[in-house]
1. Check whether at least one residue in the stretch 102-111 is of a type in the set (A, V, I, L, M), surrounded by 11 or more Cβ atoms within 10 Å (Cβ to Cβ) and assigned to a strand (DSSP E or B), and report yes or no.
2. Under the condition of being of a type in the set (A, V, I, L, M) and within 19 Å of residue 13 (Cβ to Cβ), which residue from the stretch 41-61 is surrounded by the fewest Cβ atoms within 10 Å (Cβ to Cβ)?
3. Only residues that are in contact with a strand residue (DSSP E or B) (Cβ under 8 Å, 6 or more places away or on another chain), under 21 Å from residue 64 (Cβ atoms) and assigned to a loop (DSSP other than H, G, I, E, B): list them for the stretch 1-47, please.
4. For the stretch 76-98, does any single residue satisfy the condition of being in a loop (DSSP other than H, G, I, E, B), out of contact with any Leu (no Cβ under 8 Å at 6 or more places or on another chain), surrounded by fewer than 17 Cβ atoms within 10 Å (Cβ to Cβ) and free of Cβ contacts under 8 Å to residues at least 12 places away in the same chain?
5. Among the residues of the stretch 13-26, is any modelled with pLDDT under 95 and under 11 Å from the mean Cα position of the chain (by Cα)?
6. Out of curiosity, is residue 114 modelled with pLDDT of 90 or more and of a type in the set (D, E, K, R)?
7. Report whether or not residue 12 is within 15 Å of residue 92 (Cβ to Cβ) and in contact with a helix residue (DSSP H, G or I) (Cβ under 8 Å, 6 or more places away or on another chain).
8. Can you tell me how many residues within the stretch 48-75 are under 12 Å from residue 26 (Cβ atoms) and part of a helix (DSSP H, G or I)?
Amino acid sequence: MKPHKGCTVIFQPSGRQATVSRGVSVLEAARKAGVNIATRCGGKAGCLMCKVTVEAGEASAVQPPGDVERRKLGSTLNTGIRLACQAAVWSDVTVQVPEDPLKAAVRRKLEAARRGEEDELW
């Protein structure tokens with residue numbers, strides 16, 4: 001029998017990835033990949049800081065939401081929002097991690113500056 005290769009979790013926008021065993025939380029996979037997902041409650045679904053997005057086409061790649069997650073997120077579950085501490089990986093999946101607002105602002109400034117430099121070269 002072939003050993004199971006594990007599940008690959010790709011985190012966007014960084015592109016970092018980790019291979020984890022089936023059933024591991026997205027939060028644990030993020031830590032393994034070196035991706036920072038904020039949390040204050042230690043993964044107990046208490047702080048709601050670890051929201052990530054799983055695209056509709058990949059929803060079955062993570063365990064369906066349990067009662068706690070359904071109560072906490074309500075209708076936002078319909079938009080693909082999940083709690084990284086509660087969503088267990090079932091198969092290969094790509095997860096969108098919200099960018100820290102300050103980092104996003106810096107990234108946008110750098111991209112604009114690069115575009116400006118390119119414009120000046122032509």
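1. no
2. Top of the filtered list is 56.
3. Within the stretch 1-47, 6, 21, 22, 23, 24, 37, 43, 45 qualify.
4. no
5. Yes: one or more hits.
6. Judged against the criteria, residue 114 is not a match.
7. no
8. Here the count works out to 3.
The values are calculated or read from the model by the stated rules, or taken from the named source; none is laboratory data. Not measured: the values here are computed from a predicted model. Virtual Cβ from ideal backbone geometry, glycine too; neighbours counted across all protein chains shown.
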